[in-house]
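A quick write-up on the structure given underneath.
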Amino acid sequence: DVISTVEFNQTGDLLATGDKGGRVVIFQRETESKGVTEEAGEVGDSGEYNVYSTFQSHEPDFDYLKSLEIEEKINKIRWLPQQNAAHFLLSTNDKTVKLWKVSERDKRPEGYNLKDEEGRIKDVSTITSLRVPVLRPTDLMVEVRPRRVFANGHTYHINSISVNSDGETYLSADDLRINMWHLDITDHIVDIKPANMEDLTEVITAAEFHPHHCHLFVYSSSKGTLRLCDMRASALCDRHTKLFEEPEDLGSRSFFSEIISSVSDVKFSHSGRYLLTRDYLTAKVWDLNMDKGPVETYQVHEYLRSKLCSLYENDCIFDKFECVWNSSDSVIMTGAYNSFFRMFDRETGRGVTLEAWRENSKPRAVLRTRRVYTGGKRRRGDVGVDSLDFTKKILHMAWHPEENIIAIAATNNLYIFQDRVNPDAQT
């Protein structure tokens with residue numbers, strides 16, 4: 001099935017993917033292993049990521065009140081901060097968020113009083129003595145159990161979930177509402193649904209908590225705006241603390257302007273000072289102290305501006321690309337078409353185009369830079385704009401929280417690459 005989300009845990013030793021079939025696959029980094037699998041790609045001598053556990057997170061469902069089918073596709077996965085030996089993660093489809101516990105078991109109890117060794121219930125009349133159960137060593141097993149189901153909180157499709165820095169709460173966002181969840185308590189903290197739906201002018205596209213301040217969160221809209229909210233000011237954050245918006249260039253406005261300005265993803269930097277957003281053609285960095293416009297703008301695939309009409313006809317213009325920071329906030333990464341993904345060095349402003357394809361997944365293969373030919377002198381290996389394959393798109397990706405390891409989801413393939421030449425370098 002097509003991979004629909006990728007997420008490292010806080011230490012980077014586990015990597016989870018969700019697909020359109022509702023399945024979650026967890027990969028574990030084997031630090032003592034020297035081998036490299038073709039499926040995972042080159043990840044260096046420090047270890048490879050092998051399958052740790054697989055489970056079905058969501059099943060197809062049906063909303064009988066609205067006569068709508070609910071797909072099992074997993075939209076987002078988020079790991080919770082680890083508190084003990086077990087791991088916890090949240091997964092969501094369009095309507096329901098689930099909390100899962102992932103734990104290991106290498107012992108099993110033996111000597112039940114009310115059950116036999118096969119687990120069948122005994123006849124109480126046959127029990128003549130009391131047995132004390134004992135734990136016996138057994139083969140290591142990974143158990144994944146659902147701990148809680150958060151349902152009926154959203155009327156529209158959930159597009160993002162974000163775990164708070166307090167480790168106790170998280171938010172989930174759909175087109176018109178953001179809900180905050182805490183154990184048995186839930187409430188919506190943003191509601192932009194108008195009294196008359198004909199007055200609706202924008203929808204929520206993504207939301208995320210601040211990495212350090214549990215009272216702050218940001219959400220983006222289809223109009224390209226960002227709203228920073230402070231829960232200390234009000235329990236219902238319909239009124240934002242700050243509005244981040246880029247002045248519109250009326251001279252270049254077209255039919256596609258609002259579509260391509262819609263923010264598909266927003267991420268706080270690890271430092272908490274900056275915001276990274278992705279719209280259809282660009283990636284932008286915003287300073288929380290400057291709300292008049294982005295401090296940095298990176299052209300991801302500006303050459304597609306002349307192709308917007310055909311991209312609108314084949315619905316590609318509505319693709320939602322994600323964006324991520326590296327561990328030091330010095331490099332950003334986002335996806336493109338033709339199995340290309342882009343990295344930008346914030347210090348120099350230079351960008352590089354790389355390709356995720358099977359030839360690069362061989363052991364010790366080196367990622368080669370690619371270039372899209374738009375005019376001038378054509379170099380060998382350049383790809384023409386008209387030759388781009390729009391069915392091969394890099395929408396989902398993740399960056400290891402501490403090292404230069406990246407996970408790229410290319411349709412139904414997962415690629416994991418690591419910088420081996422200079423582990424301290426950021427590109």
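The values are calculated or read from the model by the stated rules, or taken from the named source; none is laboratory data. Bear in mind the structure is a predicted one, so any value in this text is a computation, not a measurement. Counting neighbours? That spans all protein chains shown, and the Cβs are built from the backbone with ideal geometry, glycine included. Heads up: the accessible areas ignore ligands, DNA and RNA and are worked out on the full protein's heavy atoms, side chains in. Shrake-Rupley method; radii C 1.70, N 1.55, O 1.52, S 1.80 Å.
Within the shell defined by Cβ-Cβ distances under 15 Å, the residues around residue 394 carry a net charge of +2, with Lys and Arg each +1 and Asp and Glu each -1.
Solvent-free Debye calculation, one equal scatterer per alpha-carbon of region 191-274: log10 I(q)/I(0) at 0.13, 0.22, 0.25 Å⁻¹ equals -0.48, -1.14, -1.29. Please find the FRET efficiency linking residue 155 to residue 242, where r is the Cβ-Cβ separation and R0 is fixed at 30 Å, and quote it to the nearest 0.05. FRET efficiency, residue 155 to residue 242: 0.65. Note on region 136-176: Cα-only Rg and Dmax are 16.2, 52 Å. With coordinates expressed along the principal axes, the C-alpha atoms belonging to region 82-217 extend over 74, 34, 23 Å, beginning with the largest. Between the amide H of residue 242 and those of 228, distances stay under 5 Å, these residues lying 5 or more places away or on another chain, with hydrogens modeled in the peptide plane.
Highest GNM mean-square fluctuation among 369, 128, 31, for the chain modelled with Cα contacts below 10 Å: 128. Its Cα centre serving as origin, the chain has a Cβ charge dipole (Lys and Arg +1, Asp and Glu -1) of approximately 600 debye.
The residues of the chain expose on average 52 square angstrom of accessible surface per residue, using a 1.4 Å probe on protein heavy atoms.
According to the Kirkwood relation over distinct C-alpha pairs, the hydrodynamic radius of region 56-157 is 17.2 Å. Taking amide hydrogens as placed 1.01 Å from N in the peptide plane, the amide H of residue 206 sits under 5 Å from those of 220, each at least 5 positions away in sequence or on another chain. In this structure, the pairs whose alpha-carbon distance is over 28 Å, taken from 73/393; 292/393; 98/320; 73/392; 20/107; 292/392, are 292/393; 20/107; 292/392. Applying a 4.7 Å Cβ-Cβ cutoff to the chain, the cysteines left without a disulfide-compatible partner are 214, 309, 316, 323. When only the Cβ of Lys, Arg, Asp and Glu is charged (+1, +1, -1, -1), the dipole of region 112-264 relative to its Cα centre reaches about 700 debye. Counting Cα-Cα pairs of the chain in 20 Å increments starting at 0 gives whole-percent bin shares of 24, 55, 18, 4, 0. The portion of the accessible surface of region 83-134 made up by carbon and sulfur, rounded to a whole percent, is 53 (1.4 Å probe; DNA, RNA and ligands excluded).
Looking at region 111-147, the GluC sites (Glu not before Pro) that sit in a DSSP loop and have at most 10 other Cβ atoms within 10 Å of their own Cβ are 117, 118.
Ranking 369, 269, 50 by Cα position along the charge dipole of the chain, where only Lys, Arg, Asp and Glu carry charges on their C-beta atoms, puts 369 farthest toward the positive end.
Set the Cα radius of gyration of region 283-427 against 2.2 N^0.38 Å, with N its number of residues, and you get 1.08.
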